[in-house]
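Data block below; observations after.
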Amino acid sequence: LQQRFPQLVVLHGVQEVASALARRQVRAVGLLATQGAYEAGLYQRELERQGTDCLLPEPHEREWLMEGIYDGVKAGNYPLARLRFEAVALALQQRHGVSTLIMGCTEIPLALAEHPGLPGVALVNPSVELAAALARHAYGCADALS
C-alpha cells in the first residue's frame, strides 16, 4: 500500500510494537499469539530487526492459546480463556525469565489485560501501541499513550 500510495502514511502494527519495545530497551519478549501468527513469523522478524529476542511457547502451549481464543473468548468463556493465557504466560516467564509479553491476538487482551494473576509481567497490547503511533504521527506527540 505504501508503495502504491506514497502520499499516504501506512502504519504497520507489528513494526510499531517492535519499535516501541526497542525504545523501552526490552531485549527479550514472550509472544502470545495464534498458530498462524507463529507460522507467518511477522513478530519474530520485526523484533529481530529491532534487536529483541522473541521467545515462543512450546507446541502444547500454543494449543492452550488456541483453546483460550476459540473455546474461551470467542465462546464467551472468559474464565477458561484467562486460565489458558495465564498458564502460557507463566510458562514463558518461568522458562525464559521474560517480564514482557506481547498479546499478539486481539482476543488475548480481552481476557488477560491487567489481570492480577501475572505479577511483574508487562503486557503489551498491539492495538494500544498502534493507537500511540497514530497519535504521535497525527499530533506530533513524542509520548502519546506511552
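For the chain, carbon and sulfur atoms together expose 53% of the accessible surface, with a 1.4 angstrom probe and every protein chain in place. Helix 126-139 and the longest principal axis of the C-alpha atoms of the chain enclose an angle of approximately 20°.
Taking all pairs of different Cα atoms in the chain, averaging 1/r and flipping that mean, what Kirkwood radius in angstroms comes out? Kindly include the intermediate steps, with their values, before the conclusion.
Details: mean 1/r = 0.0634 Å⁻¹.
Kirkwood radius, the chain: 15.8 Å.
Taking amide H positions as modeled 1.01 Å from N, with prolines and chain starts lacking one, the residues under 5 Å from Asp53 and 5 or more places away or on another chain are Ala28, Val29.
How far, in nm, would the chain grow between Val10 and Ala131 when pulled straight, counting 0.36 nm per residue and subtracting the alpha carbon separation?
Details: separation 121, 0.36 × 121 = 43.56 nm, distance 1.28 nm.
The Val10-Ala131 span can extend by a further 42.3 nm.
Each Lys and Arg contributes +1 and each Asp and Glu -1, all at the Cβ; summed about the Cα centre of the chain, the dipole is approximately 360 debye. Can you give me the angle between helix 13-23 and the longest principal axis of the chain, using Cα atoms only, in degrees from 0 to 90, rounded to the nearest 10? Orientation of helix 13-23: about 90 degrees from the principal axis. Scanning the chain for trypsin sites (Lys or Arg not before Pro) lying in DSSP loops with no more than 15 further Cβ atoms inside 10 Å, the longest uninterrupted stretch between such sites is 75-146. Solvent exposure of the range 49-146, expressed per residue, is 53 Å² of accessible area, with all protein chains present and a 1.4 angstrom probe.
For the range 1-143, build the charge dipole from Cβ charges (+1 Lys, Arg; -1 Asp, Glu) around the Cα centre, then report which of Ala133, Leu101, His60 sits farthest towards its positive end. Sorting the options by dipole projection puts first Ala133.
For the chain, what does -39500 (n - 2.57) per DSSP helix run (n ≥ 4), summed and divided by total residues, give at 222 nm, in deg cm²/dmol to the nearest 500?
-14500 deg cm²/dmol
Return a whole-number percent for the relative contact order of the chain, with Cα pairs under 8 Å and 6 or more residues apart as the contact set. Present the calculation step by step, with values, prior to reporting the outcome.
On the way: 206 pairs, mean separation 37.2, N = 146.
RCO, the chain: 26 percent.
The values are calculated or read from the model by the stated rules, or taken from the named source; none is laboratory data. Since the model is a prediction, treat every value here as computed from it, not as a measurement. Virtual Cβ from ideal backbone geometry, glycine too; neighbours counted across all protein chains shown. Ligands, DNA and RNA are stripped out before the accessible areas are found, and what is left, the full protein with its side chains, is counted by its heavy atoms. Shrake-Rupley method; radii C 1.70, N 1.55, O 1.52, S 1.80 Å.
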